[in-house]
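To start, the structure under review is shown below, and the notes come after it.
The values are calculated or read from the model by the stated rules, or taken from the named source; none is laboratory data. None of the values given here were measured: they were computed from a predicted structure. Virtual Cβ from ideal backbone geometry, glycine too; neighbours counted across all protein chains shown.
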Amino acid sequence: MATLPDSFDPAQYDAEVTREENVVEVVVPASETDEPRIDKYLTRFYPEASRTKIQRAIKKGHLKVNGADVKKSYPVAPGDEIVFRLIRKPPMQAEPEAIPLDVVYEDDDLLVVNKPAGMVVHPAPGHRSGTLVHALLHHVDGGEVAADDERDEVSEEEVGLSMVNALPQAPDHPVVRPGIVHRLDKGTSGLLVVAKRGRAHHPLASQFKAHTVDRRYRAIVWGRLAPPSGTIAGAIGRDPHHRQRMAVVPEDEGKWARTHYETVEAHAHTSVVEFGLDTGRTHQIRVHARAQGHPLLGDPKYGGQRVRYGTQGGARRSFFEELFELLPHPALHAFRLGFDHPITEDHLHFGADPPTAWRRVLDRLRRREGEQNAGA
């Protein structure tokens with residue numbers, strides 16, 4: 001019989017309890033007369049698991065009471081014999097995967113890559129394979145990294161990438177991110193610097209924190225920002241009406257953010273805008289642009305996949321629906337990146353054109369809506 005969690009004292013419940021790996025067996029004592037719901041009762045024996053997680057396991061058939069299936073609302077009675085299995089996900093990990101990479105620059109300390117749209121930067125719940133980290137580990141001929149690794153037993157020489165902040169900082173944040181200094185959203189393409197050594201990671205992170213890194217993005221947005229160039233400032237936090245999104249919120253409810261922009265090309269109802277960041281908040285460009293009434297074309301999360309300006313006729317709607325299929329993510333590309341090399345102190349500057357699908361969408365917009373003066 002395996003031991004129960006340190007935080008659980010079976011004596012306080014007067015129950016006969018055994019637990020082996022993820023299975024708990026309980027004989028409900030005669031003193032249990034309140035008839036609690038079975039899902040709530042089981043949280044006593046799994047203090048590390050949420051009630052929702054226990055309910056999911058019950059729904060999948062991992063519970064027997066007196067040998068029979070019961071629902072999560074079943075009232076526990078004295079003498080019930082409960083057998084319950086809580087399925088646990090394997091620990092978050094990353095191992096080398098042979099995924100093509102567009103490496104723009106590389107030396108012994110760092111890499112600069114041109115990330116394709118649709119690729120997640122590092123493993124996290126919901127994205128256990130196919131990430132940039134998996135591709136990087138293969139590129140550097142590195143080793144596997146797991147979230148439950150002991151930090152003092154994992155070296156960057158073995159992994160091939162910096163291990164600074166690579167493992168989870170808290171139990172509820174099970175990410176694995178060797179080498180990652182900064183991130184791009186899944187749907188954002190473009191330039192990203194990766195640290196291969198800890199001696200490079202710390203100075204690079206300091207440059208990002210001091211806002212001395214030159215980061216420029218190019219986006220296609222709905223409508224035209226007014227004035228054509230300027231600055232958008234506003235705190236960014238969780239959208240109170242949609243918890244999966246971010247939004248501009250009162251200063252005391254979010255993190256301050258500032259975005260500079262310049263319109264470089266205007267069409268009848270869309271425009272091409274270059275953005276620069278003073279801060280690096282989650283979805284910053286997408287949120288600030290939407291707050292101005294000009295979401296990024298194709299952005300499914302912030303309203304960019306519906307016709308925002310101009311007529312709503314069927315032919316025009318079909319035209320944009322075709323564009324959304326061609327570019328099923330925000331039309332956002334990190335086209336410029338500049339920073340001081342953390343070891344040599346040389347200033348490095350890189351550029352990358354938007355991907356083919358991005359350029360095709362822009363060409364079709366030019367033909368359909370006409371290119372006009374950006375300041376018009």
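Please verify whether segment 37-50 includes one or more residues that are hydroxyl-bearing (Ser, Thr, Tyr), crowded, with 20+ Cβ neighbours inside 10 Å and under 30 Å from residue 185 (Cα atoms). Please lay out each step first, then the result.
From segment 37-50, those hydroxyl-bearing (Ser, Thr, Tyr) are 41, 43, 46, 50; that's our starting set.
Still in the running and crowded, with 20+ Cβ neighbours inside 10 Å: 41, 46.
Among the residues that remain, those that are also under 30 Å from residue 185 (Cα atoms) are: none.
Scanning segment 37-50 turns up no residue that is hydroxyl-bearing (Ser, Thr, Tyr), crowded, with 20+ Cβ neighbours inside 10 Å and under 30 Å from residue 185 (Cα atoms).
Take residue 112 and decide whether it is in contact with a strand residue (DSSP E or B) (Cβ under 7 Å, 6 or more places away or on another chain), in contact (Cβ under 8 Å) with a residue 60 or more places away in the chain and either surrounded by 12 or more Cβ atoms within 10 Å (Cβ to Cβ) or of a type in the set (A, V, I, L, M) (or both).
Here the answer is yes, as residue 112 does meet what is asked.
For every residue, the table says whether it meets (1) modelled with pLDDT of 95 or more; (2) in contact with a Gly (Cβ under 9 Å, 6 or more places away or on another chain); (3) within 25 Å of residue 370 (Cα to Cα); (4) assigned to a loop (DSSP other than H, G, I, E, B).
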| site | (1), (2), (3), (4) |
| --- | --- |
| 219 | yes, no, yes, no |
| 227 | yes, yes, yes, yes |
| 265 | yes, no, yes, no |
| 271 | yes, yes, yes, no |
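For segment 228-282, give me each residue that is under 17 Å from residue 185 (Cβ atoms), in contact with a Lys or Arg (Cβ under 8 Å, 6 or more places away or on another chain) and of a type in the set (S, T, N, Q).
Hits for segment 228-282 are 244, 279.
Yes/no per residue for (1) at pLDDT below 95; (2) more than 30 Å from residue 204 (Cα to Cα):
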| residue | (1), (2) |
| --- | --- |
| 86 | yes, yes |
| 92 | yes, no |
| 95 | yes, no |
| 115 | no, no |
| 125 | yes, no |
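As an exercise: evaluate residue 212 against (1) in contact (Cβ under 8 Å) with a residue 60 or more places away in the chain; (2) farther than 28 Å from residue 339 by Cα and give the number of the one condition it does not meet.
In the conditions (1) in contact (Cβ under 8 Å) with a residue 60 or more places away in the chain; (2) farther than 28 Å from residue 339 by Cα, residue 212 misses (2) alone.
Those residues that are under 24 Å from the mean Cα position of the chain (by Cα) and either among the hydroxyl-bearing types (Ser, Thr, Tyr) or part of a loop (DSSP other than H, G, I, E, B) (or both), I need them from segment 229-251; list them, please.
234, 235, 239, 240, 241, 242, 243, 244, 245, 249, 250
For segment 178-211, give me the residue count where each residue is farther than 19 Å from residue 136 by Cβ and at pLDDT 95 or above.
The qualifying residues number 4.
Looking at segment 252-262, which of the residues that are in a strand (DSSP E or B) and surrounded by fewer than 22 Cβ atoms within 10 Å (Cβ to Cβ) is nearest to the chain's Cα centre (by Cα)?
255
Could you please let me know if residue 333 is in contact with a strand residue (DSSP E or B) (Cβ under 9 Å, 6 or more places away or on another chain), in a strand (DSSP E or B) and under 19 Å from residue 363 (Cβ atoms)?
yes
Looking for whichever is in contact with a Ser or Thr (Cβ under 7 Å, 6 or more places away or on another chain) and either assigned by TED's automatic domain parsing to the domain that holds residue 266 or at negative phi (or both) here; the options are 323, 362, 348, 297. Which one fits? If you could, list the steps in order and put the result at the bottom.
Working: 323 fails: in contact with a Ser or Thr (Cβ under 7 Å, 6 or more places away or on another chain); 362 fails: in contact with a Ser or Thr (Cβ under 7 Å, 6 or more places away or on another chain); 348 fails: in contact with a Ser or Thr (Cβ under 7 Å, 6 or more places away or on another chain).
None of the others qualify; the one that does is 297.
For the list (1) free of Cβ contacts under 8 Å to residues at least 12 places away in the same chain; (2) of a type in the set (Lys, Arg); (3) assigned to a helix (DSSP H, G or I), I need the number of the one condition that residue 199 fails.
(1)
Yes or no: segment 87-96 includes at least one residue that is farther than 30 Å from residue 160 by Cα and either hydrophobic (A, V, I, L, M, F, W, C) or in contact (Cβ under 8 Å) with a residue 24 or more places away in the chain (or both).
Within segment 87-96, one or more residues are farther than 30 Å from residue 160 by Cα and either hydrophobic (A, V, I, L, M, F, W, C) or in contact (Cβ under 8 Å) with a residue 24 or more places away in the chain (or both).
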